[in-house]
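These notes are about the structure you will find just below.
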Amino acid sequence: MNDIKFHNVRKVYGKNVVISGLNMDIRESERLVLLGPSGCGKTTTLRMIAGLEEITDGKLYMGDRVVNHVTSGERNIAMVFQNYALFPHMTVEDNISYGLKVHKLDMQKIRERTSHAIAMLDLKGLENRKPKELSGGQKQRVALARAVVKRSDYFLLDEPLSNLDAQLRLHARKELVKIHEMYRQTLIYVTHDQVEAMTVGDRIALMYEGELQMIDTPFNVYNKPANVFAAKFIGSPPTNIAEAVVDERKVMISGQSVLLPAGWLKKAKETESKRFYFGIRPEHTKITPNRTENAFEGIVKYIEDYGNKLGVYFEVNQTEFISVCDENAPKRGETVYFTPDFDKIHLFNCESTNSIGHPED
């Protein structure tokens, strides 16, 4: 088994707690993305798997053995760094084959694996160039090829595409998924880019301030966020979050109230609380110039043009919301009526900020 398990793992630098009691299972052969803002602990988590960071407390399992004190070279990993870390004095071919030579593989196998990686990552014709003669995208592909040829059980990537332009990133993401589908390593990918996370990962582990916020499929991370942080971090523009009071049949936000569906009323009453955070994604809303049933009234403050869509910022009694519309956006200063899709709202506990769940659950 090439799975990975964190059991109450902590990483502390002096008085600074970087990872706090991490419990997480990474399945064999899956693509798991560690996602979160800068400083959340995702790279430290990856480096602990790689054996490049010591574990302060807890146990890290790779397969059926505890690897807390196992050296990096004995963990059967391949790693791609953010800065590529190529040997500047070596050619492309030598950079790719160097690790295999260190492990004293048969020369025929070295040649076969190197040739295959060069062909797969479109590096033919560049074999005799040195890193200084390559573009950023070419360097990135050499770094990937160097990791691929090892055919290790674990494939670790630390923001490997962050130095590439948008078109190259799109192409490289596709190549990464193809590589994984070919070799089926256990792949752990670190990024702060939610688009990369949603497109690359089988599952996403969302981290914040050294703690795991949720781990689930991209679909569930987007549609059923575990807490307020997850709701706001995933999605662009971010989820609208507002303080709300649920009482009798209505939800009240900033002095205005609308009817809440029966399923949500029942779910809210189960929590024995009246105060919540109300969440709704901008794309799950509708704004109209005329008063409609079960809508909040607001004043337009700002319009953002995304090219194919428009983002309308407006205030409901000083609480800001944003709604995404395709066309016919209102003008600044106009009154609009804002209707959420109540099948896609979220309610979060006001104290813990955790989701109270959904009626269908």
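Taken over the range 17-46, the criterion of being surrounded by 20 or more Cβ atoms within 10 Å (Cβ to Cβ) and among the hydroxyl-bearing types (Ser, Thr, Tyr) is satisfied by Thr43, Thr44, Thr45. Cβ separations smaller than 7 Å between residues 6+ apart or across chains give the following pairs from the range 34-59 residues that are under 21 Å from Asn76 (Cβ atoms) to residues that are of a type in the set (S, T, N, Q) and part of a loop (DSSP other than H, G, I, E, B): Gly51/Thr71; Ile55/Asn68; Lys59/Asn68. How many of the residues in the range 120-141 are without any contact (Cβ under 8 Å) to a residue 12 or more places away in the chain and polar (S, T, N, Q)? The total comes to 1. Here Ile204 meets each of (1) more than 10 Å from the chain's Cα centre (by Cα); (2) in a strand (DSSP E or B); (3) under 19 Å from His346 (Cβ atoms); (4) of a type in the set (A, V, I, L, M, F, W, C) with one exception, condition (1). Within the range 83-104, track down each residue that is assigned to a loop (DSSP other than H, G, I, E, B), buried (at least 17 other Cβ atoms within 10 Å of the Cβ) and at negative phi. If the condition is that a residue be assigned to a loop (DSSP other than H, G, I, E, B), buried (at least 17 other Cβ atoms within 10 Å of the Cβ) and at negative phi, then Leu86, Thr91 are the ones that fit. Scanning the range 177-190 for residues that are surrounded by fewer than 24 Cβ atoms within 10 Å (Cβ to Cβ) and either in contact with a Leu (Cβ under 9 Å, 6 or more places away or on another chain) or part of a strand (DSSP E or B) (or both) yields Ile179, His180. From the residues in the range 217-276 that are among the hydrophobic types (A, V, I, L, M, F, W, C) and more than 24 Å from Val324 (Cβ to Cβ), which one is nearest to the chain's Cα centre (by Cα)? Out of the qualifying residues, it is Ala268.
Exactly one residue out of Leu161, Leu144, Leu170 is in contact (Cβ under 8 Å) with a residue 60 or more places away in the chain, within 21 Å of Leu187 (Cα to Cα) and under 22 Å from the mean Cα position of the chain (by Cα), and it is Leu144. From the list Pro289, Pro340, the one residue that fits, being modelled with pLDDT under 90 and either surrounded by 14 or more Cβ atoms within 10 Å (Cβ to Cβ) or more than 14 Å from Asn240 (Cα to Cα) (or both), is Pro289.
The values are calculated or read from the model by the stated rules, or taken from the named source; none is laboratory data. Here the structure is a predicted model, which means the values were calculated and not measured. Heads up, the Cβs are rebuilt from the backbone with ideal geometry, glycines too, and the neighbour counts pull from every protein chain shown.
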